[in-house]
1. Picking from VAL63, VAL5, VAL46, VAL12, which residue would you name as being closer than 18 Å to GLN106 by Cα, open to solvent by less than 60 Å² (accessible area, probe 1.4 Å) and either modelled with pLDDT of 95 or more or not polar (S, T, N, Q) (or both)?
2. Of the residues that make up segment 26-40, is at least one open to solvent by 50 Å² or more (accessible area, probe 1.4 Å) and free of Cβ contacts under 8 Å to residues at least 40 places away in the same chain?
3. Do you know which residues across segment 1-56 are out of contact with any Gly (no Cβ under 8 Å at 6 or more places or on another chain), in a strand (DSSP E or B) and of a type in the set (Lys, Arg)?
4. Criterion first (surrounded by fewer than 13 Cβ atoms within 10 Å (Cβ to Cβ) and not in a loop (DSSP other than H, G, I, E, B)) does GLU88 satisfy it?
5. Determine whether SER70 is surrounded by fewer than 13 Cβ atoms within 10 Å (Cβ to Cβ) and among the hydroxyl-bearing types (Ser, Thr, Tyr).
Amino acid sequence: QVQLVESGGGSVQAGGSLRLSCSASGSILSIYAMGWYRQAPGKRRVMVAEITAGGSTKYEDSVKGRFTISRDNAKNTVYLQMNSLNAEDTAVYYCNLRYTANAWGQGTQVTVSS
């Protein structure tokens, strides 16, 4: 199992920005495709962005053009830059391995007020 820790969430007003970080200790993330997911209250968890080991990215339609996923292999960290946030982005955000079973971390809460 790869233990992942998400950070960087918070409360912002609509139109604001946040950068989420996902780090791991004891495991090298660079070999994995990684994803950012979110779960809004009363809804199922969905993927919003993914990045392959080679750096290719993919986004869920509602965040295209606003969110950017990136990775810094030297820091063993994956990021999610979120711009132009709106109330619909309010959720708990998680990172996890893509295509490989792994336990979920605690996530980080993002709250956007309109």
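The values are calculated or read from the model by the stated rules, or taken from the named source; none is laboratory data. Predicted, not measured: the structure shown is a model, and the values here were computed from it. Heads up, the Cβs are rebuilt from the backbone with ideal geometry, glycines too, and the neighbour counts pull from every protein chain shown. Surface accessibility is based on the protein's heavy atoms, side chains included, excluding ligands, DNA and RNA. Shrake-Rupley method; radii C 1.70, N 1.55, O 1.52, S 1.80 Å.
1. Details: VAL63 fails: closer than 18 Å to GLN106 by Cα; VAL5 fails: open to solvent by less than 60 Å² (accessible area, probe 1.4 Å); VAL12 fails: closer than 18 Å to GLN106 by Cα.
Matching residue, one of VAL63, VAL5, VAL46, VAL12: VAL46.
2. So in segment 26-40, the residues open to solvent by 50 Å² or more (accessible area, probe 1.4 Å) come out as 26, 28, 31-32, 39.
Retained after the next criterion (residues that are free of Cβ contacts under 8 Å to residues at least 40 places away in the same chain): 26, 31.
Yes, there is a match, as at least one residue in segment 26-40 is open to solvent by 50 Å² or more (accessible area, probe 1.4 Å) and free of Cβ contacts under 8 Å to residues at least 40 places away in the same chain.
3. The answer is ARG38, and nothing else.
4. On the way: surrounded by fewer than 13 Cβ atoms within 10 Å (Cβ to Cβ): yes; not in a loop (DSSP other than H, G, I, E, B): yes.
Answer is yes for this residue.
5. Details: surrounded by fewer than 13 Cβ atoms within 10 Å (Cβ to Cβ): no; among the hydroxyl-bearing types (Ser, Thr, Tyr): yes.
So SER70 fails the test.
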